[in-house]
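**Student:** Have a look at the structure that comes next, please.
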Amino acid sequence: MRNIKIFDTTLRDGEQSPGCSMTLEEKVEYAKVLEKLNVDIIEAGFAASSDKDLCAIQEISKNVEYPIITSLARCNKNDIDKAYESLKYAKKKRIHVFIATSEIHMRDKLHMSREEVLVKVRQMVSYAKSLCDDIEFSLEDATRSDKEFMAQVIGVAIESGANVVNIPDTVGYITPMEYKDIITYIRSHVPNIDGVELSAHCHNDLGMAVSNTLSGIEAGISQVECTVNGIGERAGNAALEEIVMALKIRGDYYDADTNINVSEIIPASKKLVDITGSVVQNNKPIVGGNAFKHEAGIHQHGVKQNKATYEIIDSNMLGIEEDNMVIGIHSGHHAIIDKMKSLGIRVDDSKIDEYVSTVKEYLAEHKSIDDDTFRILFTPKVKIKK
């Protein structure tokens, strides 16, 4: 089974999500959470963007032992120097250099020709390599780039010292089959490609970030760039927890797994919400409040007999041990009576239909019911003597 490295960019790309900025102390605190989660690489920031970011990367480096710490840099000497400076305390360090390769970005943002981009890649990747052994190179907006030109750029980056090559879907444009085709094309058209690690970095603008990442894994990618809770620019990045659990549950299909400590996924998700205030929607896979909840009577009855009838993920694997049955308007007799018994409420078998009707009438008006309300509904009224 292949090992897929998890490159976590929650502290860099994730923090760029509106409303998700963190203080230096919060970044260091969360880096320790990521280390406990057992991610392989932490992208700690973009050093050239501000002195604050540079300082944060240095402090993270001082406080984290196991993961590789990487700092992002554009293809210019100042950015690379700042990145290298920010990593001076890192036990394991990587400089992550990028440049755009799509026509729209080269023409309208960089104002550079293809030839100028190729020259810049050769110069700046070589320069970064002179400072640091571990160099990742990214082609910004790769999925809207010409494939032949991409192959040229990657070839130059590898010749210049890149040992990791990242193929980002920067604007969430691509579809899973197209992304798989791009990776397959690169693997068959770039000399020495087998000597480097290929990485995926997918955005979620069309809701396909995780699917595209998994397609990349099918095509041979061995590193994935993602964020906890899928936070990030615009609609966010590929969600770490969804990728990890897809590989964990469907290892039979992907023949791949990660080093992630899955019991730390829920704590990492909750901690990120605490720090950023960016809440997770209830129906979010893996970490959403309803991810392991059941209200429909048929589902509840099935789960009572065997959880695997309706749960493909063992919630205990993620450290979830609370009751997963939600009493709602769709709940059946079994769930309601079981709930009453679990609360110590005496049940008269001849009155089951009456109990169920009482609960359903309450739910029709109030939408939800808590344990205290259950007790109030079924506690005999105490007669007060006059």
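Okay, residues lined up against (1) open to solvent by 80 Å² or more (accessible area, probe 1.4 Å); (2) more than 26 Å from Ile154 (Cα to Cα):
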position	(1), (2)
Cys55	no, yes
Ile60	no, yes
Tyr66	yes, yes
Leu87	no, no
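**Student:** Could you identify the single residue in Ile186, Ile158 that is closer than 30 Å to Glu85 by Cβ and buried (at least 19 other Cβ atoms within 10 Å of the Cβ)?
**Tutor:** Ile158
**Student:** Also, quick follow-up: Being open to solvent by 10 Å² or more (accessible area, probe 1.4 Å) and among the aliphatic types (A, V, I, L, M) is the filter; apply it to the stretch 161-183 and report the residue that is farthest from Lys120 (Cα to Cα).
**Tutor:** Met177
**Student:** I would also like to ask the following. Would you be able to tell me the number of residues in the stretch 233-288 that are part of a helix (DSSP H, G or I) and open to solvent by less than 10 Å² (accessible area, probe 1.4 Å)?
**Tutor:** Of the residues in that region, 10 qualify.
Residue-by-condition table, conditions (1) buried (at least 24 other Cβ atoms within 10 Å of the Cβ); (2) not in a helix (DSSP H, G or I):
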site: Phe7; (1), (2): yes, yes
site: Thr10; (1), (2): yes, yes
site: Cys20; (1), (2): no, yes
site: Glu25; (1), (2): no, no
site: Glu29; (1), (2): no, no
site: Lys32; (1), (2): no, no
site: Lys36; (1), (2): no, no
site: Ile42; (1), (2): yes, yes
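**Student:** Something else now. Find all pairs meeting these conditions: Cβ atoms under 7 angstrom apart; at least six residues apart or on different chains; first residue within the stretch 119-145 and farther than 11 Å from Ile167 by Cβ and part of a strand (DSSP E or B); second residue open to solvent by 10 Å² or more (accessible area, probe 1.4 Å) and not acidic (Asp, Glu).
**Tutor:** Ile135/Lys129; Ile135/Gly161; Ile135/Asn163
**Student:** Filter the stretch 44-77 for residues that are modelled with pLDDT under 95 and not in a helix (DSSP H, G or I) and give the result.
**Tutor:** Scanning the stretch 44-77 gives a single hit, Ser50.
**Student:** Moving on. Scan the stretch 162-170 and give yes if some residue there is outside any loop (DSSP other than H, G, I, E, B), within 27 Å of Gly230 (Cβ to Cβ), touching a helix residue (DSSP H, G or I) at 6+ places or on another chain (Cβ under 9 Å) and of a type in the set (A, V, I, L, M), otherwise no.
**Tutor:** So far as the stretch 162-170 goes, yes, one or more of its residues are outside any loop (DSSP other than H, G, I, E, B), within 27 Å of Gly230 (Cβ to Cβ), touching a helix residue (DSSP H, G or I) at 6+ places or on another chain (Cβ under 9 Å) and of a type in the set (A, V, I, L, M).
**Student:** Name the pairs whose Cβ atoms lie under 9 Å apart, with the first residue in the stretch 104-117 and within 18 Å of Gln152 (Cα to Cα), the second surrounded by 17 or more Cβ atoms within 10 Å (Cβ to Cβ) and of a type in the set (Phe, Trp, Tyr), and 6 or more positions between them or separate chains?
**Tutor:** Arg114/Phe149; Val117/Phe149
**Student:** Of everything in the stretch 344-377 that's aliphatic (A, V, I, L, M) and open to solvent by less than 30 Å² (accessible area, probe 1.4 Å), which residue is farthest from Gln305 (Cα to Cα)?
**Tutor:** Leu363
**Student:** Scan the stretch 50-63 for residues that are touching a Lys or Arg at 6+ places or on another chain (Cβ under 9 Å) and either over 12 Å from Ala83 (Cα atoms) or of a type in the set (S, T, N, Q) (or both) and jot them down.
**Tutor:** Gln58, Glu59, Ile60, Ser61, Asn63, listed by residue number.
The values are calculated or read from the model by the stated rules, or taken from the named source; none is laboratory data. These figures come from a predicted structure and were not determined experimentally. No Cβ is skipped: glycine too gets one built from the backbone with ideal geometry, and neighbour counts run over all protein chains shown. Calculation scope for accessible area: heavy atoms of the full protein, side chains included, ligands and nucleic acids excluded. Shrake-Rupley method; radii C 1.70, N 1.55, O 1.52, S 1.80 Å.
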